[in-house]
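First up is the structure itself, then whatever we jot down about it.
The values are calculated or read from the model by the stated rules, or taken from the named source; none is laboratory data. Owing to the predicted nature of the structure, the values given are computational and were not obtained by experimental measurement. All Cβ positions, glycine included, derive from the backbone under ideal geometry; neighbour counts span all protein chains shown.
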Amino acid sequence: MLIKNPSATAPPETHRVASRLVSLDVFRGLTIVLMLLVNSPGDWHFYYSPITHADWNGFHLADLVFPAFVFIMGVALVYGLATVRETPDLHAKTLRRVARRVLVMVVLGLLIGLLPNFYFTSFRILGVLQRLALVYGLSALCFLKMSWRQQAWLTVALLVAYAVLLQLVPVPGLGYASLEKSTNLGAWLDRLLIGKEHLYTNEEGWDAESLLGTLPALASGLLGVLAGQWLRATGPDAPTKTAWLFVVSSGTLVLGLIWNGWFPINKALWSSSFVLYAGGLSGLMLAALYFVLDVQQWRPRGLWLLLACGSNTLVVFFGAEAIERILTRLKLRHPDGSVFYPRDWLYDTLCRPYFANPYHASLTWAIVYTCLWIGLLAFLYRRRIFITA
């Protein structure tokens, strides 16, 4: 869907309403910029550790991107559906619209998995857009049909149930519970239901966006839904909302660190401790931005650029991943018959030769690529063009 007049209608990912959080839009923009930066090194072998994902257990800056966006999506969902929630007669129509958006995101995610060669026998079925779609749809359903207390208890239940499943349930064929990459219960379930050939790593039979991992990912979305309802509450004033969001987010982060001793913080598994730790960090970031931008009404020059980066998220999620897959997987041939990939050729020609330090070259490539995307998003924002599901 192409929208040229955002004052009349809005992208579903931003859910424009009369009462709007500038802080949330800026947070989304910052998250998108960070996503582009951490996902676009010139050479994965030469990239600074803080902006790469942790190898397995642990937490790096890059590991905040996905859960932060899920948290933001939960908050934005509240601002988009709050009025509808108060009118039960509109629930069915709204859920049909939500289902359509879910379907569009799933189809786009599957298309990414097929690019660039469309090998239907071995393409990846799971993915980032698919997980976002499922969490968005389930979070919307929970928000419309459950009280905030029920949502809170469901969040707790999801985290505890997931921990029990991964840490106590023996994996069939293995005989004991495992938290390792290819032997955990989620990996076994994916191989059973989807097939090894359709997972992220065909050799190991494992996928970071596992079906079972949807449970804790939904908990991440519900943390955002709960935060959004608190910020929309009519009783407390804005400074009080900020203070309590800061306190609760800090407590959530600490709980994640404590739980890490039993169930390690792990982005790939989307462990329960990871949900709390990343959710706490996301809440703290939102609290800080909310106080500065919505309470204090600070409007620095150039703020619009971050708003622009967060205004066409579907374009970025699909476009960046699609371009990356085409450039890194499409096989071309030199005149002598040797095979090369477009991205490797571009990097080796335009970037690598000009740097003695390969880490500097890799980071420069990522920065330039990110800036190109920022330029495109700024152009779309200035023209008031928003492409949505």
Step by step: first the residues of region 209-219, then only those that are in a loop (DSSP other than H, G, I, E, B) and hydrophobic (A, V, I, L, M, F, W, C), then the one that is surrounded by the fewest Cβ atoms within 10 Å (Cβ to Cβ). Which residue is that?
L211
Could you grab me the full set of residues in region 360-389 that are touching an Asp or Glu at 6+ places or on another chain (Cβ under 9 Å) and of a type in the set (S, T, Y)?
S362, T388
Regarding region 349-371, can at least one residue be identified that is surrounded by 15 or more Cβ atoms within 10 Å (Cβ to Cβ), touching a strand residue (DSSP E or B) at 6+ places or on another chain (Cβ under 9 Å) and among the hydrophobic types (A, V, I, L, M, F, W, C)?
no
Restricting to region 127-137, what's the tally of residues that are in contact with a Gly (Cβ under 6 Å, 6 or more places away or on another chain) and either over 16 Å from L222 (Cβ atoms) or at pLDDT below 95 (or both)?
3
Region 144-188, subset in contact (Cβ under 8 Å) with a residue 60 or more places away in the chain and of a type in the set (S, T, N, Q), residue farthest from Q229 (Cα to Cα)
N184
Could you list, ordered by first residue, the pairs with Cβ atoms under 7 Å in which the first is in region 306-322 and farther than 12 Å from V33 by Cα and the second is of a type in the set (D, E, K, R), at least 6 apart or interchain?
L314/E13
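Residue by residue, here is whether (1) surrounded by fewer than 19 Cβ atoms within 10 Å (Cβ to Cβ); (2) touching a His at 6+ places or on another chain (Cβ under 6 Å) holds:
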position: M73; (1), (2): no, no
position: A76; (1), (2): no, yes
position: L114; (1), (2): yes, no
position: T121; (1), (2): yes, no
Does W206 satisfy the criteria of being within 21 Å of R124 (Cα to Cα), of a type in the set (A, V, I, L, M, F, W, C), in contact with a Ser or Thr (Cβ under 7 Å, 6 or more places away or on another chain) and surrounded by 19 or more Cβ atoms within 10 Å (Cβ to Cβ)?
yes
When the residues of region 225-264 are filtered to those that are under 16 Å from L158 (Cα atoms) and not aromatic (F, W, Y), which remaining residue is surrounded by the fewest Cβ atoms within 10 Å (Cβ to Cβ)?
L255
Quick check: anything in region 272-292 crowded, with 22+ Cβ neighbours inside 10 Å, farther than 21 Å from R28 by Cβ, touching a residue at least 40 places away in the same chain (Cβ under 8 Å) and touching a helix residue (DSSP H, G or I) at 6+ places or on another chain (Cβ under 9 Å)?
yes
For region 355-379, pairs from a residue that is under 10 Å from S40 (Cα atoms) to a residue that is of a type in the set (A, V, I, L, M), with Cβ under 6 Å and 6 or more apart or across chains, are A366/L37; T370/L36; T370/L37
Matching residues in region 294-325 - criterion: being in a helix (DSSP H, G or I) and hydroxyl-bearing (S, T, Y)
T313
Can you tell me which residue within region 150-185, out of those that are of a type in the set (S, T, N, Q) and in a helix (DSSP H, G or I), is farthest from S210 (Cα to Cα)?
Q150
Residue pairs, Cβ under 8 Å, 6 or more apart or interchain, first in region 71-88 and touching a residue at least 24 places away in the same chain (Cβ under 8 Å) and within 15 Å of S23 (Cα to Cα), second surrounded by fewer than 21 Cβ atoms within 10 Å (Cβ to Cβ) and small (G, A, S). List them.
Y79/S19
For region 196-246, name all the residues that are within 21 Å of L165 (Cβ to Cβ) and among the small types (G, A, S).
G205, A208, S210, G213, A217, A219, S220, G221
Condition set aliphatic (A, V, I, L, M) and surrounded by fewer than 21 Cβ atoms within 10 Å (Cβ to Cβ), scope region 78-89, selection nearest to Y347 (Cα to Cα): answer is A82
Looking only at region 95-113, count every residue that is touching a Lys or Arg at 6+ places or on another chain (Cβ under 9 Å) and of a type outside the set (A, V, I, L, M) and tell me the total.
2
Let me confirm something: among A152, A161, A140, which residue is at pLDDT 95 or above, of a type outside the set (S, T, Y) and surrounded by 17 or more Cβ atoms within 10 Å (Cβ to Cβ)?
A140
Tell me yes or no: at least one residue of region 85-102 is over 26 Å from T201 (Cβ atoms) and touching a His at 6+ places or on another chain (Cβ under 9 Å).
yes
Matching entry among F66, F59, F46 (being over 24 Å from L314 (Cβ atoms), of a type outside the set (S, T, N, Q) and buried (at least 19 other Cβ atoms within 10 Å of the Cβ)):
F59
Here the qualifying pairs (Cβ atoms under 7 Å; residues six or more apart or on different chains; first in region 36-63 and at positive phi; second of a type outside the set (D, E) and assigned to a loop (DSSP other than H, G, I, E, B)) come out as G58/I265
Do the conditions hold for V26, that is, is it in contact with a Lys or Arg (Cβ under 9 Å, 6 or more places away or on another chain) and of a type in the set (V, I, T)?
no
